[in-house]
Structure formats: C-alpha cells, structure tokens
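**Q** Following this message is one structure expressed as structure tokens.
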Amino acid sequence: MTIRVQETLGKGTVDLEPRDSGKVSIYVCGPTVYNFIHIGNARTFVWFDQIRRYLSYRGYDVTYVMNYTDVDDKIIERANVEGISPDAITSKYARAFEEDMAALGVTPPDVLALATTHIEDMVEAIEGLVEKGVAYEAEGDVFFSVEKFPGYGKLSGRSLDDMRAGERIEPQETKKYPLDFALWKSAKEGEPSWSSPWGPGRPGWHIECSVMSTKYLGMGFDIHGGASDLIFPHHENEIAQAEALFGEEPFVRHWLHAGLVQVAEEKMSKSLGNFVLARDVIERYPGEVARYWALMGSYRSQVIFSEASLTDAAQSYDRWSIFVDSTRHVLGEAFPQKAEKKRTDEDSTASGYVQRFVEAMDDDFNSAQAFAVVHELVKEGNKRLEAVQRDEPGAKEELIALVNSFLEITDVLGFEFASAGGDSELLAGLVEYLLELRGQARAEKAFDRADAIRDRLQALGVTIEDTSAGARWRLSAAQT
C-alpha cells in the first residue's frame, strides 16, 4: 500500500514519493526558545513525532531534523525582562521544551540544529544570494529582494500585493520593496552579534531554516513540517532563499502543515494572550492524555482547546488503560510483554484490526479513523476477556492475539502501558482476596460491608468494574 499525504504546495492529496528509495528525510521548524510552549505549539510537535513514528513503522529509514531558534528579537526582549543573558534564556527554555516533549512521549530528533552554531553557514549562504543578485546590502543590513524571485508566493498562493500585511517585523526605510525581508541585521548596542562582510550583526529568522535543512538533508528533501501559520511568510521565504541560492527546485518535495489550536474563535497565541501552557495541561492530566488529545483529530484540522475536550480524551484513554490492566491481571504471565509485528495468521480478527489501522494511517495519517479501530479492538477484547473469565474454549488465545495487536498499534501511536511493578503479584493477590470478601458480602446481602470494601479499595487507588463475568479491577494512573 502507498502512503498518501495532503501537501500544501500542490493543494491536494498525493502519493508520498521519497527522494531516496526506502528513506524519508524530514525537517520541522522548532521553537524559538524564549518562553514555555503553549499546548497549540505542543500539538504540532506531537503530530510530527507521530508522522515520524508511523513512517518508521512502515519500514522507512527516517532522518528527522529540527531546529532551535536561539537568537531572535523575542529572546533579547525576554532576557531584558528577566534580567539575565540571552544565552541563559535559551538554555532555560530549551530545557523546559525538552521536559514537555518527554512528558508527551515525543522522541528527540536525529539532528537538533541550533541557529547560533550555524552562523558561518548562514553568512556563506547570504553572500551567495548577494552574488546572485537576489539580495542587497543596505547600511549594514542585508535583504532578500522578493521581486527578483519569480516563484515567490507559490506556497501560500498569494500575489505580492496580497502579502504586504504578512511581514513578521515592521517595514524599514532601507528596504527597496516593502516585502523584502531581512537576511542579516546590523548589530545594535547590547545585543548579541557576529562578524560578517557587512559588519557585525546577526541573521534574520528565515535564513536559518533554509540553511540548516539543506545542510543536513540536501535540496529536494522529502517532508518539511510546521504549523500552518508558518506558511507565510516563513516557509514562503525559505523556498525563495533555497531555490534562489542553489538554482534548482524543488526545495522540498512535500509540505505538510498542522492546523492551529483555537480558544473560542481565535487561534491560540502568546501575542493574543489566550494561550494555555503545555506544562500546565500536563500537570493536570497525564502526558498520555495530552498526547491522546493532540492526536485524536487530523493533523491538518483546526481544533478547539477546552476542558471538555481534555476530559473526553481522558475518558477515552482510560478505556484503553482499563483494558490493558484487566487483561494483564487475567492473563498473568501469558500477557504479551511486547507486541510482535509479524503474525502468522494474517486473516485473523486481531490481524484485521492492524490492517485497518494501517489503511487509516496510510490515508494522510487519518488518526480519527485509526483511533476508532483501536476502540473497536478494545470492545472486542473486553468480550474475549469476559469469555476467558468464563473459561470458554479458545478465548484465552483470542484475547492474547487481540492484546498483541493492541500493543502493536498503540506503540506506533506513542503510548506505553506500564505494569504495576515488582510487587504486582502480591498486590493482585490481596486485591483479589478483598474482592472475594466483597462478593461474599453481596451474596449475603450485606451491601454496607460490600460497599465499604469497594470504597476502601477506591481510596487506595483501585478502580473496580462489575461485569457479567465478575468484578474486574485496575490501578489508577497515580498508583502505577
């Protein structure tokens, strides 16, 4: 089967066709490390981590590159506010970003490129653009001349006249044309700077990604990702810089953009002041729940952030956890410790769920349909679980196969379901004994005593579910 993606430049769904057979190269615009990231930022990074995971699962050798913007106006402003150096600001918030990503199950990139360690590369690229006549120096600044690049606007689908309101910084008098953008900024007092042929200064924002992506992945790499608000001007400018410099195209084979997270009717943004920090969400909900929330809709969709949506994600993820804990207790040592990708019976019910998952994810990473497949699997697994508790012939083997498929799929989705720990056998024995006492009390119609046992177990973090095949239990997340 072929993986199909909806890419921004072509405005349609196309087959993923890697530049090099069996390999996929990905570059994702990382954070400007001047503050904690909000949950909208986090969703983008979770999604490209998911795309990377799925491509690896499908057998591709994936190289994933991401950058840190660690020199920027916002960093300098934040350093002044906090009264520490720009280097201290970037170190502080880069570390915070990595903590948030770890909590969300995001795997570190293969290459993490810092802007400040690639200044010489950027200076060399800017010199090349000046030599080609598509950039010009003006009083120590260097600007890219958008009128000199015929393809400018092809990603966003805008004309030059439509773009004037989209610049990231205020227009400067030294520009020849309002949409020309800075490649190099002359030094200002108290700001970090580096030497260059145009005097001391620092690079503009856009040049770093063009330089670092091609440095590690070359021209024509496979996937460039980021949030949809980067289409213009950032990604538009990346294309112009790279294709003008190297004189070839495409800069990128497939552009994939994640939808923005909204609060009410506005996009979540630090500048609008309507953001919720990712770490604040993680403090209130397990990281797995936040990851579930981030993935449960298409990566391209605009999603509304709300407490209700997080609650829905928590309840849905809880059903997965209950299934795992219940089957682990029932199967004991027969519980699969690690999913095996290769199954001998490809026509089995369990294998069918994996196949449907693959079909969903091959369709532009359709996580909504993929999650629906997992929930159907869990529903069927719960039926087999009750059949095992009734000692029905063959039920145990069917349950093991379903659990194996569940673990395979959820591993691809970035979820892990840890066991209760080294004392699990003792714990299980004690809980089962108390449940037997509760069952006796219910049989004797001593409901107050039965309820007291249940309440005491719940207070200790043991959740009980009564089914037609008997009571099932699991530990709450805080106890595992």
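The values are calculated or read from the model by the stated rules, or taken from the named source; none is laboratory data. As the structure is a computational prediction, the values presented were derived from the model and not from experiment. As a convention, Cβ positions derive from the backbone with ideal geometry for all residues, glycine included, and neighbour counts pool all protein chains shown. Note: accessible area is taken over every heavy atom of the protein model, side chains too, but ligands, DNA and RNA are not part of it. Shrake-Rupley method; radii C 1.70, N 1.55, O 1.52, S 1.80 Å.
**Q** State which residue is surrounded by the fewest Cβ atoms within 10 Å (Cβ to Cβ) when the search covers only the range 27-65 and only residues that are charged (D, E, K, R) and within 13 Å of the chain's Cα centre (by Cα).
**A** Applying the filter and picking the extreme gives R53.
**Q** When residues of the range 51-84 are filtered for being small (G, A, S) and within 30 Å of Q355 (Cα to Cα), how many remain? Write out each step before concluding.
**A** First, the residues of the range 51-84 that are small (G, A, S): 56, 59, 79, 83.
Restricting the remaining residues to those that are within 30 Å of Q355 (Cα to Cα) gives 56, 59.
So the answer is 2.
**Q** If you don't mind, another one. Does any residue in the range 448-463 that is without any contact (Cβ under 8 Å) to a residue 24 or more places away in the chain come within less than 7 Å, Cβ to Cβ, of a residue that is hydrophobic (A, V, I, L, M, F, W, C) and open to solvent by 50 Å² or more (accessible area, probe 1.4 Å) six or more places away or on a different chain, and which pairs are these?
**A** Once the first residue is without any contact (Cβ under 8 Å) to a residue 24 or more places away in the chain and sits in the range 448-463, its partners that are hydrophobic (A, V, I, L, M, F, W, C) and open to solvent by 50 Å² or more (accessible area, probe 1.4 Å) give I453/L434; I453/L437; G461/A478.
**Q** Run F246 past the list (1) open to solvent by less than 60 Å² (accessible area, probe 1.4 Å); (2) of a type in the set (F, W, Y); (3) within 30 Å of S145 (Cα to Cα) and report the number of the one that doesn't hold.
**A** Among (1) open to solvent by less than 60 Å² (accessible area, probe 1.4 Å); (2) of a type in the set (F, W, Y); (3) within 30 Å of S145 (Cα to Cα), the lone unmet condition for F246 is (1).
**Q** Further question: Restricting to the range 77-103, name every residue that is among the hydrophobic types (A, V, I, L, M, F, W, C) and either under 23 Å from G225 (Cα atoms) or open to solvent by 20 Å² or more (accessible area, probe 1.4 Å) (or both). Give the steps one after another, and end with the answer.
**A** Within the range 77-103, the first condition is being among the hydrophobic types (A, V, I, L, M, F, W, C), and the residues that meet it are 79, 81, 84, 88-89, 94, 96-97, 101-103.
Scanning the range 77-103 gives V81, I84, A88, A94, A96, F97, M101, A102, A103.
**Q** A follow-up question, please. If you check S21 against the conditions, is it hydroxyl-bearing (S, T, Y), surrounded by fewer than 22 Cβ atoms within 10 Å (Cβ to Cβ) and farther than 24 Å from L256 by Cα?
**A** Details: hydroxyl-bearing (S, T, Y): yes; surrounded by fewer than 22 Cβ atoms within 10 Å (Cβ to Cβ): yes; farther than 24 Å from L256 by Cα: no.
Answer is no for this residue.
**Q** Can we say R291 is open to solvent by less than 20 Å² (accessible area, probe 1.4 Å), charged (D, E, K, R) and under 18 Å from the mean Cα position of the chain (by Cα)? Outline the logic, then answer.
**A** Numbers: open to solvent by less than 20 Å² (accessible area, probe 1.4 Å): yes; charged (D, E, K, R): yes; under 18 Å from the mean Cα position of the chain (by Cα): yes.
In short, yes.
**Q** Residue by residue through the range 364-378, note down the ones that are touching a helix residue (DSSP H, G or I) at 6+ places or on another chain (Cβ under 9 Å) and either of a type in the set (D, E) or in a helix (DSSP H, G or I) (or both). Let's see the steps before the verdict.
**A** Residues of the range 364-378 touching a helix residue (DSSP H, G or I) at 6+ places or on another chain (Cβ under 9 Å): 365-378.
Residues satisfying the conditions are S367, A368, Q369, A370, F371, A372, V373, V374, H375, E376, L377, V378.
**Q** While we're on this one: For Y216, only one of the following conditions fails: (1) crowded, with 22+ Cβ neighbours inside 10 Å; (2) within 30 Å of I3 (Cβ to Cβ). What is its number?
**A** (1)
**Q** Where the second residue is buried (at least 19 other Cβ atoms within 10 Å of the Cβ) and not aromatic (F, W, Y) and the first is more than 12 Å from P336 (Cβ to Cβ) and without any contact (Cβ under 8 Å) to a residue 24 or more places away in the chain and lies in the range 385-402, which pairs have Cβ atoms under 7 Å and are six or more apart or on separate chains?
**A** A395/R384; A395/V388
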